[in-house]
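Novice: One structure, as structure tokens, below. Some questions next.
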Amino acid sequence: MKLYLGSPHGQPRIVSEASSVSNDPLYIFESIYYIKEWMFMFIDGKLWNFMLDSGAFTFMKTKQAINIDWDDYVDRYSDFILEHDVELFHELDIDVLVGLKRVEQLRDRLETRTRRQCLPVWHRSRGLNYWKALVKDYQYVSIGGLVMKEIKRTEYKVFRPLCDIAHEQETQVHGLGFSPTSGMKRCYFDSTDSTNWSMGGRAGYVDKFNGSRMVKALAKEGAKLIPHEGARFNFHEWVKYQRYMKHAG
């Protein structure tokens, strides 16, 4: 399983350091909405295994989608993909904002301009038949809505049959924003992305990879965690977990 570490834009020194010392390219996930210039060297040079998100999640959780020219947005998104030769990128899955038919039109526009397949993002509102059609037509698909709780934790058992249907078609499945610290193998995703590595430095704890899973370690009473050092430590520990999931997960 490939575990992409998401939202690295705010920590250029930490992520660049880890990327430069690694002989095994990191798996990095970032939204076009937050992309930064310092990242171009790693993307253009194929120094990362890179996956790009369309920014749809940002639009869905804010009110910034008002009066957006979606055709223009997709054109600028596709221009970035072509300029930086991005191979894995998501559609603009803004079903709740513009409806599925419009999303499909934007997907067609994106794929026509880039001349390659995107990763379509299935939401439960699209239904099982739509999932079956997607995995027949695409080599890599995503399941969305996890962060927004469209699919609740008590319903995670649905992932295995969905992945089984996809794997029968030799299609890979990415779980968007799916980041438990253990048990990921039971969900049968081929890849997921997580921003959990960035949370401990702000919340005052460090993450430790114990050889098979991530565990939290709270600061001792009276001690203060330096946010930058905490983020640096946590990122390196999540890189260890990433490598474990790639080779043993």
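The values are calculated or read from the model by the stated rules, or taken from the named source; none is laboratory data. Only a predicted model underlies this, so the values are computations on that prediction, with no experimental measurement involved. Glycine gets a Cβ as well: all are built from the backbone with ideal geometry, and neighbour counts include every protein chain shown. These accessible areas exclude ligands, DNA and RNA; they are computed on the full protein's heavy atoms, side chains included. Shrake-Rupley method; radii C 1.70, N 1.55, O 1.52, S 1.80 Å.
Novice: Could you check how much of the accessible area of the chain is carbon and sulfur, as a whole percent, using a 1.4 Å probe? Walk me through the intermediate numbers first.
Specialist: Working: 6300 of 12630 Å².
Answer for the chain: carbon and sulfur cover 50 percent of the accessible area.
Novice: Let me ask something else. Debye sum, Cα scatterers, segment 26-106, no solvent: what log₁₀ I/I(0) at q = 0.18, 0.19, 0.21 1/Å?
Specialist: Each listed q maps to, in turn, -0.76, -0.84, -0.98.
Novice: When only C-alpha pairs under 8 Å and at least 6 residues apart count, what is the relative contact order of the chain, in percent?
Specialist: 18 percent
Novice: Is it possible to state the helix-based mean residue ellipticity at 222 nm for the chain, with each DSSP H run of 4+ residues giving -39500 (n - 2.57), the sum divided by total residues, to the nearest 500 deg cm²/dmol? What is it?
Specialist: Taken over the chain, the calculation gives -12000 deg cm²/dmol.
Novice: Let me ask something else about it. I'd like the accessible area for residue 118: 1.4 Å probe, protein heavy atoms, all chains in place, Å² to the nearest 10.
Specialist: 0 Å²
Novice: Which longest run of the chain has no exposed loop site in it, a site being chymotrypsin sites (Phe, Trp or Tyr not before Pro) in a DSSP loop with at most 16 other beta carbons within 10 Å, and the site itself not part of the run?
Specialist: Free of exposed loop sites, the longest segment is 35-249.
Novice: Once you mark the trypsin sites (Lys or Arg not before Pro) that are in a DSSP loop and have at most 16 other Cβ atoms within 10 Å, what is the longest gap between them in the chain?
Specialist: 153-212
Novice: Under the Kirkwood approximation applied to all pairs of distinct alpha-carbon atoms, what is the hydrodynamic radius of the chain in Å?
Specialist: 18.9 Å
Novice: Same structure again: Would you mind checking the pairs 152/216; 2/224; 2/216; 2/36 and listing those with alpha carbons more than 28 angstrom apart?
Specialist: In this structure, 2/224 lie more than 28 Å apart at Cα.
Novice: Report ³J(HN,Hα) in whole Hz for each residue of segment 40-52, in order, from the Karplus equation J = 6.51 cos²θ - 1.76 cosθ + 1.60 where θ = phi - 60°; Gly and Pro get x.
Specialist: With the stated coefficients, segment 40-52 comes to 4, 4, 6, 6, 5, x, 6, 7, 10, 7, 10, 10, 10 Hz.
Novice: From the P(r) of segment 84-152, can you give the percent of Cα pairs sitting at distances over 15 Å?
Specialist: Roughly 54 percent, once rounded to a whole number.
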